[in-house]
Number of protein chains: 2
Amino acid sequence: MLDAGLIAPIVGLVGLGFAFMSYRAVVRQSAGTDKMIAIGDEIHLGAMTFLKAEYSKLVVFVGIVAGLLVWGFGVQTAVAFVGGALASGLAGFIGMKAATKGNVRTAAAAKDKGVAAALLVAFNGGAVMGLSVASLGLIGLGALYFLFAGDKNSVGSIISGFSMGASSIALFARIGGGIFTKAADVGSDLVGKVEAGIPEDDPRNPGVIADNVGDNVGDVAGMGADIFESYVGAMVASITIAATMSPDVMAKFFGTDVTTAMLMGLPLLLAVLGLIASVIGIMGMNVFKNMDPSKALFVSELTAGALFLGSTAVLLQVFGFGMGIFYAITAGTVGGLLIGKATEYYTAAAPVFKIAEASKTGPATNIIAGIAVGLQSCAIPLFLIAATILISYNVAGLYGIAMAAVGMLATVGVTMTIDAYGPVADNAGGISEMSELGPEVRKITDGLDAIGNTTAAIGKGFAIGSAALTALALFVAYKQAVEVKAGTAVTMDITNPLVVVGLLLGAMTVLIAAAMTMTSVGKAAAEMVTEIRRQFKEIPGLLEGKGKPDTARCVEISTNAALKEMVAPGLVAVIAPVAVGFGLGAEALGGMLAGSLLTGVTRALLMSNAGGSWDNAKKYIEQGQVEGEKKGGDAHSAAVIGDTVGDPFKDTTGPAMNILVKLISIVALILAPLII
Amino acid sequence: MLDAGLIAPIVGLVGLGFAFMSYRAVVRQSAGTDKMIAIGDEIHLGAMTFLKAEYSKLVVFVGIVAGLLVWGFGVQTAVAFVGGALASGLAGFIGMKAATKGNVRTAAAAKDKGVAAALLVAFNGGAVMGLSVASLGLIGLGALYFLFAGDKNSVGSIISGFSMGASSIALFARIGGGIFTKAADVGSDLVGKVEAGIPEDDPRNPGVIADNVGDNVGDVAGMGADIFESYVGAMVASITIAATMSPDVMAKFFGTDVTTAMLMGLPLLLAVLGLIASVIGIMGMNVFKNMDPSKALFVSELTAGALFLGSTAVLLQVFGFGMGIFYAITAGTVGGLLIGKATEYYTAAAPVFKIAEASKTGPATNIIAGIAVGLQSCAIPLFLIAATILISYNVAGLYGIAMAAVGMLATVGVTMTIDAYGPVADNAGGISEMSELGPEVRKITDGLDAIGNTTAAIGKGFAIGSAALTALALFVAYKQAVEVKAGTAVTMDITNPLVVVGLLLGAMTVLIAAAMTMTSVGKAAAEMVTEIRRQFKEIPGLLEGKGKPDTARCVEISTNAALKEMVAPGLVAVIAPVAVGFGLGAEALGGMLAGSLLTGVTRALLMSNAGGSWDNAKKYIEQGQVEGEKKGGDAHSAAVIGDTVGDPFKDTTGPAMNILVKLISIVALILAPLII
């Protein structure tokens, strides 16, 4: 068959070339008026400063873990770990750079050239992130595969190291980014909107730059690292499962012509097809841009998806894999899409109106209704994940489950592009407001932003679904690694008390980390409130629009809070599986993976969706969609409270759950040989 | 060995005699002034009317299920099921009768005789419930054991039928009771306290009688049915596990002198010892009553606990069981106690002050802080449950885990007494307020009520811990039943996709039921709000204290809402395991049990504890314990909102989770032979 280890890095490099083209397409646009340029620079600088501060802290962590890995697994795994961390960090850096150049240029395009041009700039801003994630994943993993695929004994541990590197960065990027963005958002809203009565994104509010920086830090860098981790994790799990598959299972599902090497190479080849399809979908935006914006995004995604599935079918047929894998991949793709659609329903349809209605009797009923929606919203995605597992297992065994995850993530180039488009458009709106570009421009950016909210909701559902499947695939890989090392079948029976204890401790770990992140946002937001209040009081003429707010100080507060608060939950996630593995053994650790998976996924769904629905309930009241209620009324005040509660739900704790679950799984997979 | 089937019902009958004595001790007290008698009668009548309406609806459900059981398992299991339902219903009826006679007499004793006398009346009021639960459990299960213990093939299914009968009543009692009480509470608070600005328990508020009825319906009948179910379930699981234990395992843990029959009889004998110890502890209150009330309750519980553990040690030694079982029982008892203490910490110590502090920046930060406390509060109990499982398994195998649950629940006579004491004292306070007995009396009843809040928190933690262990024991029994029927070892491996699918569907079922109960409270409370507003508007002179509120109408609304809304979540809990068992088989159903257990227990802990801590944060501000804040201030308003959100958390959805988890397990245990 084709040499996946050679093709993947090459196509990855080509993909990076397209990312650079997208970047050029963004930066050669005008950045608008002097005021716009100044504001854009402030946001760009704030985001880059945060990223540098974060990475310089992560270097210490990566160094320590790499040292431990050298000691426990040898130099190769440690180098792979550093490589994974570097690749994830680099993708975040490139993506953030583009997004924070794209925001102000989107606003300028909206001002000077209209909707289509603005859409294209924002889309290209996002595409840099999307293509970087896909390309760097292929380059890194492909290169390792090229070097070590022949070494069946250690390839698993080496590529797992790469995946763990990606996970480590993702954990800190998600938690740190989540704390940064919500401290800024909650803090500036509480003082600005509620106390001082000035609009959102008002330039007089010292926290507003930090808020805009936060959108990038959380939704671009954080989301990117999350998806990068799933993308790599799904491939690593497939390769590991393939490497240890028994001949019987292979013969049963794939006939006798398929070899282990073919199955190991397949995920990389599929990712190659996915990247090529994504590039075509992304480049197509130059044509699609004249459609209605939300349709244009959909067509771009659909083009990539159809090309990917079509070319996959051909590849599988040509090399004689049979169609089982195709069905598994299709199940993953369709499952991911439907989870996204379910998320959209719960955060933008009838349930949101129920929350808005409940706001009429005050904040308490608004909160109760939101929690109820969050609980409800878990059902369909859990069912869809279960159905995807059943289907993909039946057509292609445990390998099929991992392939479903690969299928969900193969076109990450375009899905991540659309995710990252959201904060760029959001920022563009903020910059238009701060630069006083007037209602016409604001209308364009608001329109683009509104689509971004929907794509963000779908993207979050997608991220959770793919995280669940990836974690499950890693979990299966863990079990197989344990069996390989033990040299015998190992049963992790669900009534085995050690497994049950693991289940409970897995749930416990996830909940502790969730509590920590919630508390951190509260603390950091309180600091922000104090600082903004101080500036309103001490800076002469600030509220009258004559004084200049010290926005840098607010960015600094968010940065410091995020960097300080991300450490403890991060350590919990790494230490817990190590402690359970060495303290209680492989079965308890298996239980822990299942417990953290179940608890983490339900918590992520509940919190992300409840948060999203509170946010939109508030917006619907503001837009006059709820009869008899308007902005500033009692129901609106109640809805604002719900929205504020939802902020850390949907942007800090909920997303952190995804990473936690994957990180615990990958740590377990790496530990497997040591705890037998 | 002693004939457990003979002793248990006899001691149970004696226990019922003591329950009757306690009842006499309550009703021969004065019920106070005419006004007090009238209010007491209203609450009593409301509670009894609700119970009758509930039971007449349950008769239909019990009839249908009994019919299905006759068809699937024969007449004996069906009769046992009806028996379990009857016993649970009877315990609830007797207990409610006593509690709603005890409340007004507690108030009268506080008025006429002082603290010690009031404490004793409230305690005796609760003791009727405590002793009824323990005695009826022993009588019912003992009699079935006496009749069928020799029939090894069907004794498991017959006693499981009894347990399922208890579970079915419990589910509806908990959900219906929870909806009743919170609809009344939230509804009357929203209109009375928030809109009309009148105090809690003010006689002008039409919802206040329903609120007091609700305390009994939820915290006496609901809690009693919950504990009854755990008590019976723990014994059924032990008996079933013992019946199918392999000779190897028996020899390993208990030596060669212990027979299957001895192990099967043991849980009943331990419950007999527990009941005797409880009676002594309860009767001792006649002496302890002169101590400080909270100390008196503690000494009563401690007496019973010490007597139980001491006599158990003797029994185990005399009959040669060895001390393994003793350690398991001690682990259960100590674990339960510590879980209660952890609950007390999170709902009445430092974390509560953090929530109170967060109230200063408004309702949003109050809610965020409360959710964070709820998440945190899961950790220690989950760890304690895990530790109890590990210890009890190591000393006595899977049987040990069931025995830990039995140990936790054996002294249910006294623990349930103290639980039921709480709402009696709470009602006494309400009656004092409504009858205008003055601040001196109110001070006594408030003191008793405050202790009741602490005991209620501990009791809730205890209920969750025992439910978790009981469900786990039932789960183990289910697996063994599957293996007996299959005639071979059955593996439910945690990486088996069917098991994973079951895990996900188990979580889904629990979350759907949770969402339903939350929504129900919202709907019912809205109806109540509308009705109370109507009365304030339409009844002349009501707010001036001249008109008479139509309290019966409010009781009716709560009753109808509860009866209507309890059906859907109840059916979900029964149908889900049947559907998964028949649709996906025994392994998926096993996964479902684990998934529902994990999700249900964490959700119960989170919601109960968050709710309790919001409640107390509000109280601490009211009591002036938070510097610079007082009743009626901004922080207090924020805390009231948190408290209202917490109402359905802690009194409806949280407690419903316990039952759900146990009911799903018992349904699975009964189904086991049919799905192989």
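The values are calculated or read from the model by the stated rules, or taken from the named source; none is laboratory data. Just so you know, these numbers come straight off a predicted model, no measurement behind them. A quick note on method: Cβ atoms are made from the backbone with ideal geometry, for glycine too, and the neighbour counts reach across all protein chains shown.
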The condition of being surrounded by fewer than 24 Cβ atoms within 10 Å (Cβ to Cβ), more than 14 Å from every other protein chain (Cβ to nearest Cβ) and not hydroxyl-bearing (Ser, Thr, Tyr) holds, among B:ALA562, B:ALA552, only for B:ALA552
Quick check on the stretch A:447-456. Is at least one of its residues within 14 Å of chain B (Cβ to nearest Cβ) and among the small types (Gly, Ala, Ser)? no
Please determine whether any residue of the stretch B:529-540 is under 24 Å from B:PRO673 (Cα atoms), more than 13 Å from every other protein chain (Cβ to nearest Cβ) and out of contact with any Leu (no Cβ under 7 Å at 6 or more places or on another chain). no
Looking at the structure I just gave you, is B:PHE123 closer than 18 Å to B:GLY74 by Cβ and not β-branched (Val, Ile, Thr)? no
Going by the structure shown, is A:LEU263 out of contact with any strand residue (DSSP E or B) (no Cβ under 7 Å at 6 or more places or on another chain) and crowded, with 23+ Cβ neighbours inside 10 Å? yes
Using the structure shown, decide if B:GLY595 is of a type outside the set (Phe, Trp, Tyr), more than 14 Å from every other protein chain (Cβ to nearest Cβ) and touching a residue at least 12 places away in the same chain (Cβ under 8 Å). no
Failed item in (1) more than 24 Å from the chain's Cα centre (by Cα); (2) within 14 Å of chain A (Cβ to nearest Cβ); (3) at pLDDT below 95, with B:SER432 passing the rest: (2)
Exactly one of A:ALA127, A:ALA78, A:ALA109 is assigned to a helix (DSSP H, G or I), buried (at least 24 other Cβ atoms within 10 Å of the Cβ) and touching a Leu at 6+ places or on another chain (Cβ under 9 Å), and that residue is A:ALA109
Only one of (1) β-branched (Val, Ile, Thr); (2) under 19 Å from A:GLY187 (Cα atoms); (3) buried (at least 24 other Cβ atoms within 10 Å of the Cβ) is not met by A:ILE539, so which one is it? (3)
Kindly check whether there is at least one residue in the stretch B:244-257 that is touching a residue at least 40 places away in the same chain (Cβ under 8 Å) and within 15 Å of the chain's Cα centre (by Cα). no
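For residues in the stretch A:475-508 being small (Gly, Ala, Ser) and more than 7 Å from every other protein chain (Cβ to nearest Cβ), which is surrounded by the fewest Cβ atoms within 10 Å (Cβ to Cβ)? Steps first, answer last, please.
Taking the stretch A:475-508 as the starting set, the residues that turn out to be small (Gly, Ala, Ser) are A:477, A:481, A:486-487, A:489, A:502, A:506-507.
This time we only want the ones that are more than 7 Å from every other protein chain (Cβ to nearest Cβ), so: A:477, A:481, A:486-487, A:489, A:502, A:506.
Numbers: A:ALA477: 30, A:ALA481: 26, A:ALA486: 13, A:GLY487: 8, A:ALA489: 10, A:GLY502: 30, A:GLY506: 30.
So the residue we want is A:GLY487.
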Given (1) more than 23 Å from the chain's Cα centre (by Cα); (2) surrounded by fewer than 24 Cβ atoms within 10 Å (Cβ to Cβ), index of the condition B:PHE93 fails: (1)
Filter result (part of a helix (DSSP H, G or I) and of a type in the set (Gly, Ala, Ser)) within the stretch A:9-32: A:GLY12, A:GLY15, A:GLY17, A:ALA19, A:SER22, A:ALA25
Residue ID - farthest from B:ALA420 (Cα to Cα), chosen from residues in the stretch B:19-28 that are of a type outside the set (Val, Ile, Thr) and surrounded by fewer than 23 Cβ atoms within 10 Å (Cβ to Cβ): B:ARG28
Residues satisfying the stated conditions in the stretch B:428-446, i.e. within 21 Å of B:GLY545 (Cα to Cα), part of a helix (DSSP H, G or I) and in contact (Cβ under 8 Å) with a residue 12 or more places away in the chain: B:GLY429, B:GLY430, B:ILE431, B:SER432, B:GLU433, B:MET434, B:ARG442
Heads up, the helices (runs of 4 or more DSSP H) in the stretch B:300-409 (entirely inside) with at least 1 residues that are without any contact (Cβ under 8 Å) to a residue 12 or more places away in the chain and within 14 Å of chain A (Cβ to nearest Cβ) are B:350-358, B:363-376, B:379-409
